[in-house]
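Note sheet for the following structure.
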């Protein structure tokens with residue numbers, strides 16, 4: 001019933017969006033956006049639906065537990081609607097659960113369901129989330145509307161509540177499947193008027209219809225001024241228009257909105273440091289009744305400044321045969337004769353060096369430090385707009401020369417996306433037209449500043465610095481400071497530290513990274529030690545898991561004494577690789593890896609299953625040839641199945657059940673042939689079989705139902721002891737008339753017989 005219910009719910013989840021698509025495929029016609037001539041033009045709003053393959057949700061334990069979806073919102077979108085559908089199976093283990101869905105523009109959402117701490121100097125970007133309760137119904141739906149969303153990549157992440165501590169054996173107990181599928185419905189304008197700089201664009205608002213405009217903001221734009229000129233409404237000079245500039249990015253709405261009602265004419269909106277090198281969306285809406293016409297002229301004015309490009313000026317001033325000490329920096333552009341007063345920033349070219357997947361190094365071109373001046377900001381551009389850079393963490397470290405930073409001076413830095421912060425002389429809040437930046441400060445007492453931005457947005461990022469003297473600005477006029485910087489994009493901060501593992505995750509063609517923590521450590525970079533184990537606890541845990549394998553010496557000794565050499569080698573193999581696998585599986589200081597971790601894990605699992613396989617077949621008392629054939633055949637099958645899925649329960653239970661069937665069949669056959677119970681001795685049942693079966697049953701119960709992440713070190717060690725002890729009790733006794741260590745005595749005997757036969761045949765011929 002579980003799989004059928006899951007497939008049925010999945011079919012309904014897929015069918016829902018297509019039914020909605022049939023209703024929304026028609027184009028929606030909107031009354032004209034008027035021009036200066038008053039002729040009507042038709043503007044169309046086009047609806048489009050985007051969908052992705054549904055995914056099965058998991059209980060949250062680390063970032064890899066969340067299911068990530070990536071959508072691309074087309075330009076000129078005026079309405080975005082997320083259609084969220086969650087379904088579950090109808091099995092008895094399915095219970096009421098709350099699903100959390102996170103949204104973020106430009107990068108995967110940074111989530112923290114466990115309320116753990118982040119590393120120091122980490123700026124956590126906010127994300128928008130909704131919760132969906134899946135109770136008695138097998139399916140739940142929800143929708144999220146976003147007006148005027150930003151175009152580009154949007155990410156959706158969904159997960160179940162934090163995972164229980166119990167360790168579940170895969171495939172042993174049927175689980176409940178929760179299927180999540182998000183669909184994205186967009187409504188975009190097919191025609192948008194282009195607002196060219198310093199060119200009035202006549203517009204008319206009628207029947208409560210909005211006017212959609214866009215203006216391109218080139219690089220090195222300092223200010224953008226939007227004006228509504230000659231605004232009139234039914235012959236009146238009032239301007240009942242609401243002007244909205246920019247796009248919405250959840251959860252923050254940095255759009256600039258200006259209501260021109262009661263505002264002095266012409267109505268103006270001034271934007272400092274608007275986003276560079278992109279189209280900016282402008283929406284004008286009427287604030288009066290639907291039958292009142294409003295006419296105006298929209299005008300955009302751009303204020304640009306000429307940048308002082310450091311390396312360009314350096315190369316132009318010298319010949320190719322001349323060498324210069326570029327570490328000393330260029331001349332002050334405001335005090336040199338080659339620069340004009342319109343210079344608003346010093347641009348330092350940056351070299352981007354791709355080192356690996358989600359791993360990039362940035363460094364200033366041809367220099368080791370950047371010169372910071374008091375008059376204009378020094379700006380570095382970090383290219384993180386490839387679409388594949390948002391899956392890591394941006395780390396920035398600034399260090400100032402201690403001999404250059406005076407007690408009264410400060411080096412103020414801002415890290416911003418889309419455009420740099422340039423207004424250091426008026427404010428230090430690092431706020432541009434639509435974005436809130438990340439401030440950093442260097443002083444005489446704090447000469448180093450660090451910043452970590454997990455999952456930075458897909459944008460061109462800017463680092464701007466300027467020298468400030470808060471108490472007396474004149475003290476900084478002739479000063480300058482050399483600032484060394486380390487700029488990296490890394491998959492994981494500090495490679496998740498000694499108590500974590502940095503894992504690369506993939507969703508279709510998109511790659512991102514996350515930290516999987518161990519030994520009770522938690523957090524984004526495994527730096528939260530609120531539930532961490534001490535060094536003593538780690539050492540005790542490692543000793544328990546490794547030394548508990550020495551109990552296998554008991555079945556090894558018994559098997560060698562009873563001439564079961566193949567079985568003895570299987571137990572030795574299991575003891576060796578289980579010991580070193582658990583020594584390598586430990587985090588922190590108590591770790592020892594003699595081979596690759598994956599190799600040790602595979603050998604441990606293989607040895608465990610093969611040991612159980614040979615023990616049960618040995619108890620069946622088969623003929624030697626048949627027994628060894630089954631030993632080899634079963635080992636090959638087990639090796640293949642573990643390569644397919646080494647954590648599947650049936651990979652262990654399948655061979656064991658088959659061996660049990662063989663053993664029971666042979667025992668029943670002997671019972672019928674001898675006409676009484678087998679084994680025949682009651683002492684064998686009372687002192688060997690029943691204790692061995694009891695220990696094996698307790699071991700299986702502990703492994704299946706009692707093992708959790710907290711008591712793993714103790715319960716798994718007890719599992720080692722019980723399994724090894726049960727094998728020692730369950731091994732059958734020697735065959736009748738066979739003395740101990742008989743295998744040692746058989747070799748010379750066999751050799752003697754062969755030699756006699758050869759001599760006899762030779763004598764006959």
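The values are calculated or read from the model by the stated rules, or taken from the named source; none is laboratory data. Note that the structure is a prediction, hence the values are computed from the model and not measured. Cβ: placed from backbone, ideal geometry, glycine included. Neighbour counts: every protein chain shown.
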Residue list for the range 264-292, filter: over 23 Å from residue 433 (Cα atoms) and crowded, with 16+ Cβ neighbours inside 10 Å
286, 287, 288, 292
Would you call residue 514 touching a residue at least 24 places away in the same chain (Cβ under 8 Å) and surrounded by 16 or more Cβ atoms within 10 Å (Cβ to Cβ)?
yes
Does residue 614 satisfy being assigned by TED's automatic domain parsing to the domain that holds residue 718, out of contact with any helix residue (DSSP H, G or I) (no Cβ under 9 Å at 6 or more places or on another chain) and assigned to a helix (DSSP H, G or I)?
no
Inspect all residues belonging to the range 683-696 and state whether any of them is part of a loop (DSSP other than H, G, I, E, B), surrounded by 13 or more Cβ atoms within 10 Å (Cβ to Cβ) and either at pLDDT below 80 or touching a helix residue (DSSP H, G or I) at 6+ places or on another chain (Cβ under 8 Å) (or both).
no
Of 359, 397, 419, which residue is surrounded by 23 or more Cβ atoms within 10 Å (Cβ to Cβ), closer than 30 Å to residue 251 by Cβ and within 31 Å of the chain's Cα centre (by Cα)?
419
Of the residues in the range 105-156, how many are in a loop (DSSP other than H, G, I, E, B), free of Cβ contacts under 8 Å to residues at least 40 places away in the same chain and closer than 26 Å to residue 513 by Cα?
1
Within the range 107-126, can one find any residue that is modelled with pLDDT of 90 or more and more than 23 Å from residue 522 (Cα to Cα)?
no
Go over the candidates 441, 426, 431 one by one and state the one that is more than 36 Å from the chain's Cα centre (by Cα) and surrounded by fewer than 20 Cβ atoms within 10 Å (Cβ to Cβ).
426
Please indicate, with yes or no, whether at least one residue in the range 541-559 is farther than 30 Å from residue 157 by Cα, assigned to a loop (DSSP other than H, G, I, E, B) and modelled with pLDDT under 95.
no
